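None of the figures in this text is laboratory data; all of them are computed from the coordinates on show. Because the structure is a prediction, the values reported are computed rather than measured. So basically every Cβ, Gly included, is an ideal-geometry build from the backbone, and we count neighbours across all protein chains shown.
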Amino acid sequence: MDGDGARIRRYRSGGPDDLYRICLLTADSGQDATSLFRDSRLPGHLFAAPYGVFEPSLAFVAVDAAGVGGYIVGALDSQAFESRLDSDWWPALRRRYREPPPEAAGDPWTREQRMAHRAGGGAGARMDGAAVTAAKTRARTAVTSAGAEHAERRLVSGRPCGDLAGGAVE
């Protein structure tokens, strides 16, 4: 991502592949996590795509000559967003990433099952009311490789972010 040549545009509903790709390429503490997941879409299922589906007006992407290389997504009301995920997003993931049977010995869960279980409301995963209130509005950002620091700053601070609020976005 060329931070200097990047422009910000609204996320286009119905095209989540960029969110999934960028999420995977940044899912290992900002680094490429491709080798860590058998299911390359899991990080996106958990951390990016739901925002594009349920809060598309708060989803933006950074685009340069090479294509989409970053995103910022958010939820205006985290509690309402979590409720929506509980009813309309997590059930399908729970069916896809089934828990191992209770009689299985040891820790038979794959990394993917553990992630989906925690993020989908498994034991201890839900935020309590105080945490939800404290995180009333939330946002996630991800930018791939070259120029990432500059591009991410443009996505979350300064004039371009002001432009997001003012409507000067493609």
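By per-residue mean of other Cβ atoms within 10 Å, what is the highest-first order of 30-36, 54-60?
The densest-packed peptide leads the list: 54-60, 30-36.
Order the peptides 15-22, 75-82 from the highest to the lowest mean number of other Cβ atoms within 10 Å of their residues.
By packing density, highest mean first, the sequence is 15-22, 75-82.
Counting just the Cα atoms, what span does the stretch 45-89 cover along each of its three principal axes? Round to the nearest Å and put the largest first.
Principal-axis extents of the Cα atoms in the stretch 45-89, largest first: 38, 19, 12 Å.
Roughly what % of Cα-Cα distances in the stretch 1-77 sit above 19 Å, to the whole percent?
For the stretch 1-77, the share of Cα pairs beyond 19 Å comes to 34 percent.
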